[in-house]
1. Can you tell me which condition Arg138 does not meet? The list is (1) farther than 24 Å from Ala201 by Cα; (2) charged (D, E, K, R); (3) modelled with pLDDT of 95 or more, and all the others hold.
2. Residues of region 164-184 being under 22 Å from Ile16 (Cβ atoms), loosely packed, with under 15 Cβ neighbours inside 10 Å and at pLDDT 95 or above, which ones?
3. In region 259-294, how many are crowded, with 18+ Cβ neighbours inside 10 Å and on the phi > 0 side of the Ramachandran plot?
4. Whether any residue in region 32-44 is without any contact (Cβ under 8 Å) to a residue 24 or more places away in the chain and either among the small types (Gly, Ala, Ser) or not assigned by TED's automatic domain parsing to the domain that holds Ser159 (or both) is what I want to check.
5. Could you tell me which residue of region 305-349 is modelled with the lowest pLDDT, considering only residues that are among the hydrophobic types (A, V, I, L, M, F, W, C), outside any helix (DSSP H, G or I) and farther than 23 Å from Ala244 by Cα?
6. How do the helices (runs of 4 or more DSSP H) wholly within region 1-105 filter down when requiring 2 or more residues that are within 30 Å of Thr123 (Cβ to Cβ) and either modelled with pLDDT of 95 or more or not aromatic (Phe, Trp, Tyr) (or both): which remain?
7. So the check is Cβ under 9 Å with 6+ separation or different chains; which pairs have a first residue in region 94-105 that's closer than 15 Å to Lys136 by Cβ and a second one that's of a type in the set (Ser, Thr, Tyr)?
8. Report whether or not Leu150 is part of a loop (DSSP other than H, G, I, E, B), buried (at least 16 other Cβ atoms within 10 Å of the Cβ) and without any contact (Cβ under 8 Å) to a residue 60 or more places away in the chain.
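The values are calculated or read from the model by the stated rules, or taken from the named source; none is laboratory data. Not measured: the values here are computed from a predicted model. Backbone-built Cβ (ideal geometry, glycine too); neighbour counts: all protein chains shown.
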Amino acid sequence: MMQGIENYPGRKLHEIGPYIGKVRPFLARQLVNDHSRPCQWIWDPFCGSGTIPLEAKLQGRHVIASDVNPYACILTKAKLHAPESEATCIPQVAMLASIAKKGAKKTDDLNPDWVREFFHKKTLNETKVLVRECLKRRWYFLAGCLLGILHHQRPGFLSYPASHLVPYLRDKLFPRDQYPEAYEYRDPIPRLNAKIKRMLATPLPRCTTRYRILQKSVLDRYLPPRSIDAIITSPPYMNALDYARDNRLRLWFLGVEDFRAVKGREIGKISTFKSEMTIALRAMTNALKPGGACVLVLGDVARANRSYDVASMVLDIINSSGKALILENHWSDAIPDRRRSRRSGRATQHERVMVFRRPQRRGL
């Protein structure tokens with residue numbers, strides 16, 4: 001029997017950074033366990049925050065994870081590059097502390113107004129230097145920890161009082177004249193150390209599996225034919241979640257000046273979902289070995305005047321393509337309110353799991 005979500009090593013890494021529409025870790029763990037074997041290659045072409053890739057690594061699978069969103073790729077790298085213990089990070093953070101203080105003094109003041117309104121000037125400049133240095137040194141775990149504490153209303157975070165999942169200031173809830181301490185300088189280093197400690201509170205197991213994280217769109221068809229043992233992924237929840245806009249502040253720290261540059265490459269518009277998913281499913285089928293499973297976690301979309309059955313749309317696409325994939329199983333779960341970014345009930349309310357299998361026949 002699989003261990004519960006509360007009890008296994010590495011579980012805290014799922015909390016390294018917020019991300020809308022995340023797959024539940026327990027579901028990801030179950031799907032990896034049920035549809036692949038140790039040392040097989042799993043591909044997640046819509047990896048998001050890296051929930052499925054992390055669970056695959058923890059269960060001894062090789063992983064290829066990809067996403068067009070740079071923040072998604074950094075979160076996934078942070079989880080898969082996490083050290084086994086806090087001790088590994090001590091010299092790295094000590095080096096960063098020295099660099100941040102010096103580098104922040106040389107940082108120009110050309111930060112856009114919408115970013116500056118979230119931070120004390122000194123905090124902003126030091127955090128910019130820290131993220132930049134982590135990326136330059138490929139210290140992805142530390143970069144992920146920094147982005148994970150970027151904005152919130154709690155004292156352990158770096159911004160002025162703000163929402164956690166999507167960046168909005170809460171200056172009306174916390175007026176500056178009544179909460180002056182909330183608008184003072186926040187030193188990133190002790191907060192980074194505290195975040196590291198939380199993430200590595202449970203020692204990680206030693207993993208010898210291989211993994212690759214690619215900032216690519218599945219539409220580019222970048223994997224060789226029949227190279228993947230299983231595909232387990234959750235395609236974007238079309239028009240219900242805005243992965244670029246809602247992560248715009250974190251994307252800015254990663255060098256994306258305008259989040260719309262990322263948004264333009266995402267699959268998810270209702271008007272283009274069918275055509276883009278047709279291409280995506282063709283690429284996924286092409287990469288899958290005969291007999292391999294393709295598991296899709298799909299979100300239905302409910303609008304004010306219309307509902308979209310995404311699972312049926314995907315099934316129609318597959319059936320119209322000559323049944324290169326065969327539906328083997330499917331089920332539906334309600335999404336708890338705490339996992340929605342919009343709680344009006346007009347966005348995604350259910351996620352449907354569909355398990356397909358590529359037949360063993362030649363020529364498919």
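1. (1)
2. Tyr168, the sole residue that qualifies.
3. Of the residues in region 259-294, 1 are crowded, with 18+ Cβ neighbours inside 10 Å and on the phi > 0 side of the Ramachandran plot.
4. Step one: filter region 32-44 for residues without any contact (Cβ under 8 Å) to a residue 24 or more places away in the chain, giving 34, 38.
Then keep just the ones that are either among the small types (Gly, Ala, Ser) or not assigned by TED's automatic domain parsing to the domain that holds Ser159 (or both); that gives 34, 38.
Yes, region 32-44 contains a residue that is without any contact (Cβ under 8 Å) to a residue 24 or more places away in the chain and either among the small types (Gly, Ala, Ser) or not assigned by TED's automatic domain parsing to the domain that holds Ser159 (or both).
5. Of everything passing the filter in region 305-349, Ala334 is modelled with the lowest pLDDT.
6. Once the helices (runs of 4 or more DSSP H) in region 1-105 are filtered for at least 2 residues that are within 30 Å of Thr123 (Cβ to Cβ) and either modelled with pLDDT of 95 or more or not aromatic (Phe, Trp, Tyr) (or both), what remains is 51-58, 70-80.
7. Ala100/Thr127
8. Judged against the criteria, Leu150 is not a match.
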